[in-house]
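Readers should treat all values here as calculations from the given coordinates under stated rules, not as data from a laboratory. Keep in mind that what you see is a predicted model, and the values were worked out from it rather than measured. Neighbour counts are summed over all protein chains in view; Cβ atoms, including those assigned to glycine, are modelled from backbone coordinates with ideal geometry.
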Ligand code: GAL
């Protein structure tokens, strides 16, 4: 008994050593292990960031420890909040997959990816959207799951699922955008033909309007991981090719408005990630997930995921500032950087 107690005490000491409050971060370290304010690695993959109530909120895929992608690692949406984009407080899983009800759309074993949150001023709800594939069907029909919350810190309640791009098989990785008329738009690759489409939602941001669907001219087929942003009157779309969890070359497109037509600007990345020796042809080993526009600074941050499908919880994040050369966005590798 005594030795059991001693081992518990030793385990406790070990845990507090591992999860001791780390020193606050003072710079971004792309590709490195990123600890939250309690010293635990951040678990928010394929995510996005919003600014609300004086905080940044980071929502991403909660990956279950010990599971590979093949063994169903998706646990729901994990949220963090921060004042400075570097030091993140864990808010926990704000939408969990359902471990009890096998009939739920989000029953454990479903694929729940790439969550993004927007605020709907009309309903005063925070709306979370995510790619949702039914349990047991693999990457077949790609639904968009919808959940909602009263506060950006959650909890989110699952609401329903929809099919975007007026496609029977749905659509893939997506970017969301609210225009000056408060309309919500969804941009994604349509299945199975991989044309890149835009879909408008109803005014409560709940259902897609099929009659609004349009193929976006100039966006190459199979554009995944779209992350859009506006700068000086132009709309830019950062994305990737389609090669599953394996990295490929980033792509950038430009248009006068979100509905195109788009001009292809090539690969905006340069430099090399010293951790894996990967450069622009493999986007430093990452895939885009979101671009953060800082609310008060002329700063755009591109977010990428370094996926680890064999042990997804260990996936790291690459956040890099976007620079502009004659109005053209560039993303240059940096081992560390700070917000000035
Ligand atoms: C990627 C996509 C990820 C995930 C993966 C599965 O292209 O961006 O979200 O769906 O494929 O292979």
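Where a ≥ b ≥ c are the square roots of the eigenvalues of the C-alpha gyration tensor, would you call the range 214-340 rounded, which needs a/c under 1.5, or, failing that, prolate if a/b is larger than b/c, or oblate?
oblate
Taking the square root of 5 times each eigenvalue of the Cα gyration tensor, what semi-axes in Å does the equivalent ellipsoid of the range 25-106 have, largest first?
They are 25, 16, 10 Å, listed from largest to smallest.
Take residue 181, project a point 7 Å from its Cα along the Cβ direction, then tell me which residues of the range 197-214 have their backbone nitrogen under 19 Å from it.
Under cut-off, by backbone N: 198-214.
Would you mind getting the Kirkwood hydrodynamic radius of the range 40-332 from its Cα pairs, rounded to one decimal in Å?
This gives a value of 19.0 Å.
Would you order 332, 94 from fewest to most other beta-carbon atoms within 10 Å of each residue's own beta-carbon?
Listing 332, 94 from fewest to most nearby Cβ atoms yields 332, 94.
If you take the Cα Rg of the range 234-291 and divide it by 2.2 N^0.38 Å, with N the number of residues, what do you get?
1.20
Counting other beta carbons within 10 Å of each residue's own, what order do 123, 223 fall into, fewest first?
Fewest-to-most ranking of 123, 223: 123, 223.
Translational diffusion coefficient, Stokes-Einstein: compute it for the range 67-122 using the Kirkwood radius over C-alpha pairs as Rh, at 4 °C and 1.567 mPa s, and state it as an integer in µm² s⁻¹.
This corresponds to a translational diffusion coefficient of 98 µm²/s.
Neighbouring Cβ atoms within 10 Å as the yardstick, rank 325, 204 fewest first.
325, 204
Taking the convex hull of the alpha carbon atoms in the range 142-226, what volume per residue do you get, in Å³?
Roughly 105 Å³ of hull volume per residue.
Report the calculated FRET efficiency for residue 338 and residue 71 (r = Cβ-Cβ distance, R0 = 56 Å), to the nearest 0.05.
For R0 = 56 Å, the calculated efficiency reads 0.90.
How far, in degrees from 0 to 90, does helix 2-18 lean away from the longest principal axis of the Cα atoms of the chain, to the nearest 10?
For 2-18 against the chain, the angle is about 40 degrees.
Modelling each spin label as a point 7 Å along the Cα-to-Cβ direction, I'd like the residue 212/residue 270 distance in nm, to one decimal.
Placing both labels 7 Å along Cα→Cβ, they lie 3.9 nm apart.
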